[in-house]
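For reference, the structure is listed below as structure tokens.
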Amino acid sequence: MHIQLIAAVLGLVTTGCDIALTRRDEALYMWKKPLRISFVRCVFIFMRYLPVAIHIIDVVLTGMSVDGTGQVPAEVYCMRILISRYFASYCMVVLLELALMLRVFALYDRSRVIGVFLLFLMVSRIAGAVYHTMQRVLRLEAMDINFNSHCIPALTFNHGSSNPVMVFVCAELTIQLVILALVLKRTVWDLRQYSHLLFSVLKRDGLIIFGAMGVAMIAIGVGEAKKGTATLFVFPLFISLISTVGCHAILNLQKLGSAGADATEEKKEPELTTFNTMHLTTWDERTFQIVDYLPNALENEIVTMREPPSSSRDAYTERTGESLSQMSFV
């Protein structure tokens, strides 16, 4: 049980180190004045500081289970740890998916079709998690589950579809694959005639997040099958991983937007081209005021893009890129 306490503390230290490393960027781009409340900023705050609370609770619950005798801890303590980790994992995953879906929604110019699809995907994700929790987790009594000395539950299922861990892994991999496919379709295919740093950042961060979540899901699956001591380190590092990749993705776009805005202010040249394919708003000013803004924007804003001759395409891309650089994803 002492190993589990060490793993819980390791997760807290890992998250704390990442917060310390990004504190300057966070203060510069997320807490700059005038301070405005925005949807993405709230997502960032939760994704950054909720893991700290999760790790502290995990350390406290784990510490309560350690009695120093080396005996199997009381099942009630192990059940508390199991339930708290289950809900913490879902909360962090939903936050990450929400941040990624907001990027996709902005990338597709706030398309109603994409918005409805992403909303359906998120609602299905949450509804499926709630239903499966009610069916497979909350109905189980502590006496029906055997825990080992490390509070690892010894659960066996006849079918993989009955295992809540495997359902979680498969659902997360599916959603991450769909989000990455939408990003690549837009940046690699739909807007392939334009070359801009923004697209490179989106593709890079998308691939990094997909790879990181893929490795995490494999680790969770292997841990569920083996149930060894190394499994104890999966949960705390998984929470820290989600916080790290999600917050870095948001900060990277904010850096890019701020750099573009500074460059535009220095040049002070009027923009001659409107990019309808990339409807992005400054996230400190009017982030996701969908109810008031989206219907009018989609009905009234009719902008056509004229592709320039190949000889002037580079200059055209550079000019329109300045407009994109000063914007941030909602």
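The values are calculated or read from the model by the stated rules, or taken from the named source; none is laboratory data. Since the structure is predicted, the reported quantities are computational estimates derived from the model, not experimental observations. Heads up, the Cβs are rebuilt from the backbone with ideal geometry, glycines too, and the neighbour counts pull from every protein chain shown.
For the condition crowded, with 16+ Cβ neighbours inside 10 Å, at pLDDT 75 or above and assigned to a helix (DSSP H, G or I), what is the one hit in ILE209, ILE126?
Criteria check complete, one pass: ILE209.
Checking the conditions here, which among LEU119, LEU95, LEU107 is modelled with pLDDT of 90 or more and farther than 24 Å from PHE238 by Cα?
LEU119
Between a residue in segment 182-199 that is without any contact (Cβ under 8 Å) to a residue 60 or more places away in the chain and in a helix (DSSP H, G or I) and any residue that is of a type outside the set (D, E, K, R) and surrounded by 20 or more Cβ atoms within 10 Å (Cβ to Cβ), which pairs come within a Cβ distance under 6 Å, given they are 6 or more apart or on different chains?
From segment 182-199, the pairs are PHE199/THR187.
Which of the residues that make up segment 10-49 are part of a loop (DSSP other than H, G, I, E, B), loosely packed, with under 12 Cβ neighbours inside 10 Å and among the hydrophobic types (A, V, I, L, M, F, W, C)?
Listed by number, the residues that qualify are TRP31, LEU35, ILE37.
Being over 21 Å from ALA249 (Cα atoms), surrounded by 15 or more Cβ atoms within 10 Å (Cβ to Cβ) and over 18 Å from the mean Cα position of the chain (by Cα) is the filter here; which residues of segment 84-113 pass it?
Once the filter is applied, which keeps residues that are over 21 Å from ALA249 (Cα atoms), surrounded by 15 or more Cβ atoms within 10 Å (Cβ to Cβ) and over 18 Å from the mean Cα position of the chain (by Cα), segment 84-113 yields SER84, SER111.
Among the residues of segment 7-27, which ones are among the hydrophobic types (A, V, I, L, M, F, W, C) and either on the phi > 0 side of the Ramachandran plot or in contact with a helix residue (DSSP H, G or I) (Cβ under 8 Å, 6 or more places away or on another chain) (or both)?
ALA7, ALA8, VAL9, LEU10, LEU12, ILE19
Is segment 156-179 home to any residue that is charged (D, E, K, R), at pLDDT 80 or above and touching a Phe, Trp or Tyr at 6+ places or on another chain (Cβ under 8 Å)?
Looking for residues that are charged (D, E, K, R), at pLDDT 80 or above and touching a Phe, Trp or Tyr at 6+ places or on another chain (Cβ under 8 Å), one finds none in segment 156-179, hence no.
Among LEU5, LEU61, which is in contact with a Lys or Arg (Cβ under 8 Å, 6 or more places away or on another chain), at pLDDT below 90 and under 22 Å from LYS227 (Cβ atoms)?
Just one listed residue meets the conditions, LEU61.
Residues of segment 72-112 being of a type outside the set (A, V, I, L, M, F, W, C), in contact (Cβ under 8 Å) with a residue 60 or more places away in the chain and outside any helix (DSSP H, G or I), which ones?
Listed by number, the residues that qualify are PRO73, TYR108, ASP109, ARG110.
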